[in-house]
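Asker: The structure under discussion is supplied below as structure tokens; questions concerning it will follow.
The values are calculated or read from the model by the stated rules, or taken from the named source; none is laboratory data. What you are looking at is a predicted structure, and each value in this text was computed from that prediction instead of being measured. We place every Cβ from the backbone using ideal geometry, glycine too, and count neighbours over all the protein chains shown.
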Amino acid sequence: MTYRRLWGSVSGAFLQKRPGVLLVLLAFLLSGCGSVSVLSGSSAAAANSSETTASSAATATGTATATTDFFAMNTYMTITANGVEAQAAIDAAQTEIYRLENELSRNLDASEISKINSNSGIGPVVVSQETFDIIAVAVTYSGLTDGAFDITIAPIMDIWGFKDSNYRVPAASEIQATLPLVGWSRIILDRTNMTVELPVVGMELDLGGIAKGYASDKVQKVMHGFNITSALISLGGNVAVFGPKADGSLWKIAISDPQAPDSYIGVLQATDVSVITSGGYERNFTQGGITYIHIMDPATGSPVQTDLLSVSIISPDGVQGDSLSTALFVMGKDKAIAYWQAHKDFACVLVTTTGEVFASADIKDTFALLDTKGSLTFFN
Ligand code: ADP
Ligand code: MG
């Protein structure tokens, strides 16, 4: 369990998905000045806009804080770095995110994923090594999770209207007619020729459950190429931190309360780690008094009905965290706990529909609920 070594050194910031609050907290904790003026206007960040702010309060040692706040991959992102090359590091990080979006989004016609999708039932498509590897690792997690995680879920996302936000409840017959297009084991991967093939017309890939985790890992690699001491990368519900904070204080990563996403259910102390959360509260629509969420059960072709409100995975591996946050959410509490018990190569926090919190015992010393929140049980 390589991630265990991470709990030794901790430094800190409070995080939250909503960009305004997040940035205020980041400015306070990372720049050490507490001034919200650094962030003025950033809470109103709009789609396709971006804003970058470098701290004017450089220290005597020449370090500085820089933050960029932008919209990509269908979510608000905030990247902050501390160090001599903080501004260059966040610029490179943002460029990297856009590059990955152009490669992996199925909503962009020119992306490699779109090329694979438009050739379903036609033939194999040559892709970059990077795209090939992401698909291959997604397939690995499909196998590990018995298909709870399945990137061939795209046609099901579409009939529920999640592709273009034209939400609708499809007829049962439409779901049954679409389900045969879903099946991760039918993706044909040819590593020698670096091709990906979807053998049935209408099959499509959707990397929405893994792309941000991959991007988080990749952005960290890019940022490590610069002279910075620490960074905080928040890609929607995905948060990664690395490096010790200059003042030695702790990173405190807050996990949103899925029943009140503007507040937190608990706080984890860590560094060099990703904390990735999946929850039905992130994207959904309500019709006839029923709420339909954006995480699908590949077995039924419908939004997951589960006893969980959110799953957070804590791991240095963002790809693992992103795939497993989605998969364990699909599984529900008991199967999620059983999955952890069978693997134990990550940590997790599960919040149930009854507001109870269950966390893996390996974060007993580093995760705590906020005072006013419900019960917490650690499992082994
Ligand atoms: P978010 O991206 O909102 O943080 P997730 O990581 O759980 O949340 O990813 C949800 C996205 O993953 C959906 O929007 C969809 O693109 C895709 N998806 C939905 N259900 C599944 C599933 N069972 N397996 C893999 N991907 C899924
Ligand atoms: Mg995910």
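Asker: Got at least one residue in the stretch 218-226 being among the aliphatic types (A, V, I, L, M), surrounded by fewer than 14 Cβ atoms within 10 Å (Cβ to Cβ) and more than 16 Å from ligand 2 (Cβ to nearest atom)?
Answerer: Among the residues of the stretch 218-226, not one is among the aliphatic types (A, V, I, L, M), surrounded by fewer than 14 Cβ atoms within 10 Å (Cβ to Cβ) and more than 16 Å from ligand 2 (Cβ to nearest atom), which makes the answer no.
Asker: Okay, next question. Check the stretch 271-283 and report whether any residue there is more than 16 Å from the chain's Cα centre (by Cα), surrounded by 19 or more Cβ atoms within 10 Å (Cβ to Cβ), on the phi < 0 side of the Ramachandran plot and away from ligand 1 (no atom under 14 Å from the Cβ).
Answerer: First, pick out the residues of the stretch 271-283 that are more than 16 Å from the chain's Cα centre (by Cα): 271.
Checking the rest, the ones that are also surrounded by 19 or more Cβ atoms within 10 Å (Cβ to Cβ) come to 271.
In the following step, the residues that additionally are on the phi < 0 side of the Ramachandran plot were identified as 271.
Subsequent filtering for residues that are away from ligand 1 (no atom under 14 Å from the Cβ) retains 271.
Scanning the stretch 271-283 turns up at least one residue that is more than 16 Å from the chain's Cα centre (by Cα), surrounded by 19 or more Cβ atoms within 10 Å (Cβ to Cβ), on the phi < 0 side of the Ramachandran plot and away from ligand 1 (no atom under 14 Å from the Cβ).
Asker: Are any residues in the stretch 121-176 part of a loop (DSSP other than H, G, I, E, B), within 13 Å of ligand 1 (Cβ to nearest atom), touching a residue at least 40 places away in the same chain (Cβ under 8 Å) and not basic (Lys, Arg), and if so, which ones?
Answerer: THR145, GLY147, ALA148, PHE149, ASP150, TRP160, GLY161, PHE162, TYR167, listed by residue number.
Asker: If we only count strands (runs of 3 or more DSSP E) wholly inside the stretch 259-321, which ones have 2 or more residues that are farther than 22 Å from ALA368 by Cα? Give the derivation first.
Answerer: Values: elements: 260-269, 273-279, 284-287, 290-293, 308-315.
It comes to 284-287, 290-293.
Asker: Any residue at all in the stretch 91-106 that is buried (at least 23 other Cβ atoms within 10 Å of the Cβ), in contact (Cβ under 8 Å) with a residue 24 or more places away in the chain and at positive phi?
Answerer: Within the stretch 91-106 (the criterion being buried (at least 23 other Cβ atoms within 10 Å of the Cβ), in contact (Cβ under 8 Å) with a residue 24 or more places away in the chain and at positive phi), the answer is no, since none of the residues qualifies.
Asker: Another question about this same structure. Residue pairs, Cβ under 6 Å, 6 or more apart or interchain, first in the stretch 311-337 and closer than 22 Å to ASP272 by Cβ and among the charged types (D, E, K, R), second within 9 Å of ligand 2 (Cβ to nearest atom) and not in a helix (DSSP H, G or I). List them.
Answerer: ASP322/ILE210; ASP322/ILE276
Asker: What are the residues in the stretch 63-80 that are more than 19 Å from the chain's Cα centre (by Cα), of a type outside the set (Ser, Thr, Tyr) and at pLDDT 95 or above, if any?
Answerer: From the stretch 63-80, those more than 19 Å from the chain's Cα centre (by Cα) are 63-67; that's our starting set.
Among the residues that remain, those that are also of a type outside the set (Ser, Thr, Tyr) are: 64, 66.
Correct list: ALA66 only.
Asker: Let me ask you something else. Quick check on the stretch 257-271. Is at least one of its residues within 16 Å of ligand 2 (Cβ to nearest atom) and closer than 15 Å to ILE363 by Cβ? Before you say what the answer is, go through the steps one by one.
Answerer: Our first condition is that a residue be within 16 Å of ligand 2 (Cβ to nearest atom); within the stretch 257-271, this holds for 258.
Filter again for closer than 15 Å to ILE363 by Cβ, leaving none.
Looking for residues that are within 16 Å of ligand 2 (Cβ to nearest atom) and closer than 15 Å to ILE363 by Cβ, one finds none in the stretch 257-271, hence no.
Asker: Among LEU232, LEU198, LEU189, LEU207, which is under 27 Å from SER128 (Cα atoms), in contact with a strand residue (DSSP E or B) (Cβ under 7 Å, 6 or more places away or on another chain) and either buried (at least 24 other Cβ atoms within 10 Å of the Cβ) or among the hydrophobic types (A, V, I, L, M, F, W, C) (or both)?
Answerer: The match here is LEU189.
Asker: Further question: Among the residues of the stretch 177-217, write down those that are in a loop (DSSP other than H, G, I, E, B), out of contact with any Phe, Trp or Tyr (no Cβ under 7 Å at 6 or more places or on another chain) and either within 16 Å of ligand 2 (Cβ to nearest atom) or hydrophobic (A, V, I, L, M, F, W, C) (or both).
Answerer: Within the stretch 177-217, VAL182, ILE187, LEU198, VAL200, VAL201, MET203, LEU205, ASP206, ILE210 qualify.
Asker: Evaluate the stretch 229-237: report whether one residue or more is in contact (Cβ under 8 Å) with a residue 40 or more places away in the chain, among the hydrophobic types (A, V, I, L, M, F, W, C), within 20 Å of LEU324 (Cβ to Cβ) and in a strand (DSSP E or B).
Answerer: So far as the stretch 229-237 goes, yes, one or more of its residues are in contact (Cβ under 8 Å) with a residue 40 or more places away in the chain, among the hydrophobic types (A, V, I, L, M, F, W, C), within 20 Å of LEU324 (Cβ to Cβ) and in a strand (DSSP E or B).
Asker: Go through the stretch 302-312 and give me each residue that's near ligand 1 (Cβ under 10 Å from one of its atoms) and either among the hydrophobic types (A, V, I, L, M, F, W, C) or in contact with a Pro (Cβ under 7 Å, 6 or more places away or on another chain) (or both).
Answerer: VAL304, SER310, VAL311
Asker: Right, something else. So which residues in the stretch 269-291 are over 27 Å from PHE242 (Cα atoms) and in contact with a Gly (Cβ under 9 Å, 6 or more places away or on another chain)? So that I can check it myself, show each step before the final result.
Answerer: As a first pass, look at the stretch 269-291 and keep what is over 27 Å from PHE242 (Cα atoms): 280-281, 283-291.
The answer is PHE285, THR291.
Asker: Has the stretch 284-293 got any residue that is within 22 Å of HIS343 (Cα to Cα) and in contact with a Pro (Cβ under 7 Å, 6 or more places away or on another chain)?
Answerer: Within the stretch 284-293 (the criterion being within 22 Å of HIS343 (Cα to Cα) and in contact with a Pro (Cβ under 7 Å, 6 or more places away or on another chain)), the answer is no, since none of the residues qualifies.
Asker: Could I ask something else about it? Being assigned to a loop (DSSP other than H, G, I, E, B) and either touching a Phe, Trp or Tyr at 6+ places or on another chain (Cβ under 9 Å) or within 10 Å of ligand 1 (Cβ to nearest atom) (or both) is the filter here, so list the residues in the stretch 322-353 that pass it.
Answerer: ASP345, PHE346, listed by residue number.
Asker: Is at least one residue of the stretch 316-323 among the β-branched types (Val, Ile, Thr) and out of contact with any Pro (no Cβ under 8 Å at 6 or more places or on another chain)?
Answerer: Taking every residue of the stretch 316-323 in turn, at least one turns out to be among the β-branched types (Val, Ile, Thr) and out of contact with any Pro (no Cβ under 8 Å at 6 or more places or on another chain).
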